[in-house]
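Reading through the structure tokens given below for one structure.
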Amino acid sequence: MPASGSSHVQAARKVLADRLREMCEDAGLDGKQLAASCGWHPSKVSRIATGKTSPSADDLRAWCHACGKDEETADVIASLRAVEGMWVEWRRMERAGLRRAQEAVLPLFERTHRFRAYSSWLVPGLLQTRGYTEDVLRAVQLRRVPVDDVADAVAVRMERQLVLRNGQRQFAFLLEESVLHNGLGSAESQVGQLERIVSASALPNVSVGIIPSRLGRTRMPVEGFWIFDTAQVNVELISGHLTLTQPSEVATYADAFATLASMAVHGAKARALITAAIHAIG
């Protein structure tokens, strides 16, 4: 799993840079020749080829044309767009308020048919009660968002939950047992939230797994993530939001999800852990 979004983006930039450098080598060009063909200073070629400078779409068009690879232009530009869209800091995403950040993901949820979500610290948004959502978003707003539109953001998140009632979609949620005891909000809010998880798990298209807190586990808890079909992974980190679309990276998270699912309990055993958490609140 990535330690940070920025390091993950840098690795993706290097992959693109390596591809451009190989394209140049295959064309039998050195850096000076490529620079001359593109009308650039040689140092620009060096910066792009080493990943120190992110090229523009026009740069990529010129690079591919100089290497006689015009047919690859669209693909490398798509790779560039993927890199540019991977990492968004929370302060950028939420600078206009929390409602807009919630609305931005609605199209993704509406086009997805298979959802897989793992959480090590909060109940996933699609399973949250209104009260729990208010507690979560209020905590976020107080910490980093100057605009107070929590009520509107909560309404958008509640609307998003309508996808759960669509029988054509499948949902698999994995929660660390510690999520059941995180103490967010009031006792009443927490009890209502735990009861909501139990009721959601009874839906025919929803699976809820709880990973017990116990010694001897083979994989440590990791950052929370969502897998949307086989097309995209979203990872929520402390400093920002990471979007992954490369098939190999999506597959890595799918493998991690499968491993974590094998450690979880489901059905009656999962409900027993949730019920125990409710009783512990007293």
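The values are calculated or read from the model by the stated rules, or taken from the named source; none is laboratory data. Note that the coordinates shown come from a computational prediction; the quantities given were computed from them, not determined experimentally. Quick reminder, even Gly has a Cβ in these numbers, built from the backbone with ideal geometry, and neighbours come from all protein chains shown.
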Test: residue in the range 254-270 that is assigned to a loop (DSSP other than H, G, I, E, B), surrounded by fewer than 17 Cβ atoms within 10 Å (Cβ to Cβ) and under 13 Å from the mean Cα position of the chain (by Cα): no
Residue tally, condition surrounded by fewer than 13 Cβ atoms within 10 Å (Cβ to Cβ) and under 12 Å from Gly267 (Cα atoms), over the range 172-203: 2
Hits in the range 44-67 - residues which are of a type in the set (Gly, Ala, Ser) and at pLDDT 95 or above: Ala62, Ala66
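Matching residues to (1) in contact with a Leu (Cβ under 7 Å, 6 or more places away or on another chain); (2) not assigned by TED's automatic domain parsing to the domain that holds Ile238:
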position	(1), (2)
Gly68	no, yes
Ser79	yes, yes
Arg99	no, no
Arg116	no, no
Residue match in the range 209-217 (condition: closer than 29 Å to Ala101 by Cβ and surrounded by fewer than 17 Cβ atoms within 10 Å (Cβ to Cβ)): no
Pairs, first free of Cβ contacts under 8 Å to residues at least 40 places away in the same chain in the range 44-72, second assigned to a loop (DSSP other than H, G, I, E, B) and among the polar types (S, T, N, Q), C-beta under 7 Å, six or more apart: Arg47/Thr53
Residue, surrounded by the most Cβ atoms within 10 Å (Cβ to Cβ), within the range 229-250, restricted to residues that are under 20 Å from Phe171 (Cα atoms) and of a type in the set (D, E, K, R): Glu236
Verdict on Gly51 being small (Gly, Ala, Ser), crowded, with 17+ Cβ neighbours inside 10 Å, within 30 Å of Ser239 (Cβ to Cβ) and in the same structural domain as Arg160 (by TED's automatic domain parsing): no
Some residue of the range 191-205 being in a loop (DSSP other than H, G, I, E, B), in contact with a strand residue (DSSP E or B) (Cβ under 7 Å, 6 or more places away or on another chain) and assigned by TED's automatic domain parsing to the domain that holds Gln102: yes
